[in-house]
Amino acid sequence: MSCMALFNDEGLVLGTYPFRDRDLVVALLTRGRGAIRGVLRGARGGKAPKSAETQILSHVRLSAYLGPHAEMATLREVEAVQSSFPLAASMERAAAAAVVAELLATFFPTAEPAERPFRLGRSLLRFLIDGGQARTAVAYAQLWALALSGLLPPLDRCTACGASLEGASRVAVPHGQPCCTGCAATEPAALDQVALRFLALCRVAPIDKLTVEPPPAAAHWLDLLTRTEASRSLPALDFFYRHALSEAAPEPGA
């Protein structure tokens, strides 16, 4: 008797790679099961290629079989709810969508429900398709990937001595960690009032309410923290900063 279990879920496409002659392995962040990988048969040819459904960050409904000890599911059906294909018209927004997918794959584990990360990715997909600013989407995704993973340091107290930073007009961030001026041995990078306001707004406002791009200091800080906390290299983030933006951007890792 087969021990394969059929399940239905929603997910966001995090990546794909070819498998055998015509199949495709699809990495997904699912709402109920977290990150999974599944084989989609015949997705790379034949009469019904799954191009729209398997674009990076596309929101899909899926039906799949998964055995108790299987490393990959068998995707029985994948149906697009909202494809990211329209983003192909803008390099910046397509690259930002790839960054969002990379962050979801990096910071959220397998075999755990991922309701909030799923909703984060879905809202960013809609924001980008609606013409939202690519830099804003990336900064928002970085902040919330870190926050939902418990890796975002608080900006209201010094991480060295615990002193309150409430109301501070400038927060020192040596090595990315918020500090009071007394604990910052040298003149380090700092978050000014503009950066602090942007970061505070990201914590309380949905992405579609953000109408400004991240200030350089905030973008630099989020980039440093993301790279420090990531367990692997981040090629999509590298590409976004080095090649996808039409204007100068914060240098990765600065």
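Here are some conditions: (1) within 27 Å of SER90 (Cα to Cα); (2) at pLDDT below 95; (3) in a loop (DSSP other than H, G, I, E, B). ARG242 meets all but one. Which one does it not meet?
(3)
Tell me, please, whether a residue that is surrounded by fewer than 19 Cβ atoms within 10 Å (Cβ to Cβ), assigned to a strand (DSSP E or B) and at negative phi can be found in region 174-187.
No, region 174-187 has no match at all.
Within region 161-173, which residues are surrounded by 13 or more Cβ atoms within 10 Å (Cβ to Cβ) and more than 29 Å from the chain's Cα centre (by Cα)? Reasoning before the result, please.
So in region 161-173, the residues surrounded by 13 or more Cβ atoms within 10 Å (Cβ to Cβ) come out as 163, 165, 168, 170-173.
Matches in region 161-173: ALA163, ALA168.
If you go through region 67-82 one residue at a time, do you hit one that is buried (at least 19 other Cβ atoms within 10 Å of the Cβ) and over 18 Å from ASN8 (Cβ atoms)?
Step one: list which residues in region 67-82 are buried (at least 19 other Cβ atoms within 10 Å of the Cβ), which gives 73, 75, 78.
Going one step further and asking which of them are over 18 Å from ASN8 (Cβ atoms), we end up with none.
Scanning region 67-82, I find no residue that is buried (at least 19 other Cβ atoms within 10 Å of the Cβ) and over 18 Å from ASN8 (Cβ atoms), so the answer is no.
Just give me the residues in region 171-201 being over 29 Å from LEU120 (Cα atoms) and of a type in the set (D, E, K, R), in sequence order.
Once the filter is applied, which keeps residues that are over 29 Å from LEU120 (Cα atoms) and of a type in the set (D, E, K, R), region 171-201 yields only GLU187.
Among THR181, THR186, which is the only one that is over 19 Å from HIS220 (Cα atoms), of a type in the set (S, T, N, Q) and at pLDDT below 95?
So the residue among THR181, THR186 that is over 19 Å from HIS220 (Cα atoms), of a type in the set (S, T, N, Q) and at pLDDT below 95 is THR181.
Outside any helix (DSSP H, G or I), aliphatic (A, V, I, L, M) and in contact (Cβ under 8 Å) with a residue 40 or more places away in the chain, is that true of VAL99? Please lay out each step first, then the result.
Working: outside any helix (DSSP H, G or I): no; aliphatic (A, V, I, L, M): yes; in contact (Cβ under 8 Å) with a residue 40 or more places away in the chain: yes.
Here the answer is no, as VAL99 does not meet what is asked.
To keep it simple, each residue is scored yes or no on (1) within 17 Å of the chain's Cα centre (by Cα); (2) of a type in the set (A, V, I, L, M).
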{"site": "ALA184", "(1), (2)": "no, yes"}
{"site": "ALA190", "(1), (2)": "no, yes"}
{"site": "ALA195", "(1), (2)": "no, yes"}
{"site": "PHE198", "(1), (2)": "no, no"}
{"site": "CYS202", "(1), (2)": "yes, no"}
{"site": "ASP208", "(1), (2)": "yes, no"}
{"site": "PRO215", "(1), (2)": "no, no"}
{"site": "HIS220", "(1), (2)": "yes, no"}
{"site": "ASP223", "(1), (2)": "yes, no"}
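Counting just the residues of region 95-142 that are basic (Lys, Arg) and touching a strand residue (DSSP E or B) at 6+ places or on another chain (Cβ under 8 Å), which one comes out surrounded by the fewest Cβ atoms within 10 Å (Cβ to Cβ)?
Of region 95-142, the ones basic (Lys, Arg) are 116, 119, 122, 126, 135.
Pick out the ones that are also touching a strand residue (DSSP E or B) at 6+ places or on another chain (Cβ under 8 Å) and you get 122, 126.
Details: ARG122: 19, ARG126: 14.
Applying the filter and picking the extreme gives ARG126.
When you scan region 143-173, how many residues do you find that are part of a loop (DSSP other than H, G, I, E, B) and touching a residue at least 60 places away in the same chain (Cβ under 8 Å)? Let's see the steps before the verdict.
Residues of region 143-173 part of a loop (DSSP other than H, G, I, E, B): 149-156, 158-163, 165-170, 173.
Now narrow it down to the ones that are touching a residue at least 60 places away in the same chain (Cβ under 8 Å): 149, 151-153.
Residues that pass the stated criteria total 4.
Taking region 108-131 on its own, how many of its residues are in a helix (DSSP H, G or I), in contact with a Pro (Cβ under 8 Å, 6 or more places away or on another chain) and farther than 17 Å from CYS202 by Cα? Break it down stepwise before answering.
Just the residues of region 108-131 that are in a helix (DSSP H, G or I), to begin with: 115-129.
Cutting the leftovers down to in contact with a Pro (Cβ under 8 Å, 6 or more places away or on another chain) gives us 123, 129.
Then keep just the ones that are farther than 17 Å from CYS202 by Cα; that gives 129.
Within region 108-131, residues that are in a helix (DSSP H, G or I), in contact with a Pro (Cβ under 8 Å, 6 or more places away or on another chain) and farther than 17 Å from CYS202 by Cα number 1.
Kindly indicate which of GLU79, GLU53 is out of contact with any His (no Cβ under 6 Å at 6 or more places or on another chain), over 27 Å from SER149 (Cα atoms), modelled with pLDDT of 80 or more and in a loop (DSSP other than H, G, I, E, B). Spell out how you get there, then give the answer.
Working: GLU79 fails: in a loop (DSSP other than H, G, I, E, B).
Only one candidate qualifies: GLU53.
The values are calculated or read from the model by the stated rules, or taken from the named source; none is laboratory data. In this text the structure is predicted, and so the values were computed from the model without any measurement. Counting neighbours? That spans all protein chains shown, and the Cβs are built from the backbone with ideal geometry, glycine included.
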